[in-house]
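Each remark here refers to the structure printed beneath this line.
Nothing in this text is a laboratory measurement; each read-out follows from the coordinates by a stated rule. Remember, it's a predicted structure, so these values are computed and weren't measured experimentally. Every residue, glycine among them, receives a Cβ derived from its backbone with ideal geometry; neighbour counts consider all protein chains shown.
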Amino acid sequence: MFGIRPIFIIMVILFLVIINLSNLSAETIILKSGKQVEGMIIEKADDYIKIDISGTPVTYDIDEIERIEDEIPTTDKGAISGSSLGKSELEKYLAEVFFFFQNKKYESAIIKLNGIKELYPNNPNIYTALGVTYYYSGSFKEAINSFNKALSLDPDNPSNYLSLWAIYDAIGDRDNAKESLLKSIDFFRRKEKFQQVLIAEALLKKINEK
């Protein structure tokens, strides 16, 4: 645990982000109150979902929901167009992003992600994926901006603070690296993710020993 490297943490974060992005879909949410809500689901958890309604993220507890009706749209093959992507099309583009990433074609991955970002401008996972890719391409300023944008949309995501630590550690910014770790520890504790707390505390200890 004490020998964990920033590059490994960010790779794990990318895997999780790709999985989350592949779950994007346009659907109708039927609430138990009888109200219908239409929009793009941007996050699913065991106890809530977050849906993009006309550019505004709204969270609903699972207990409020009667059912979710699939309304996945379709697009022309091979094109990123329209207001959204069908699930199969989105998965295709994400597969291409990951292919470019694995083959170190970071600029191509960034171009593809920016295309997806235009369709889902309020999805924090896209900005996290961009931050990861910018990090690997050596564009640290753009990576920091992307992770901060992700945090502005989803301020309670400690993984983005860990990513910022990795960048600040890479550029030798000890103060910001320490601050990012302290914030990640705080959020991991709130979410009762104690294994992640131990990892972040170990990384913080290394910074303090320098």
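Structure summary
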{"quantity": "Stretch gain in nm, segment Q195-S33, where the contour uses 0.36 nm per residue and the Cα spacing is subtracted", "calculated": "54.4 nm"}
{"quantity": "Burial order of peptide ranges 125-135, 108-118 (average beta-carbon count within 10 Å, highest first)", "calculated": "125-135, 108-118"}
{"quantity": "Two-site FRET efficiency, A95 against E142, from Cβ-Cβ distance with R₀ of 22 Å, rounded to 0.05", "calculated": "0.40"}
{"quantity": "Of K112/K183; K149/K183; K44/K105, pairs whose Cα-Cα distance is over 19 Å", "calculated": "K112/K183; K44/K105"}
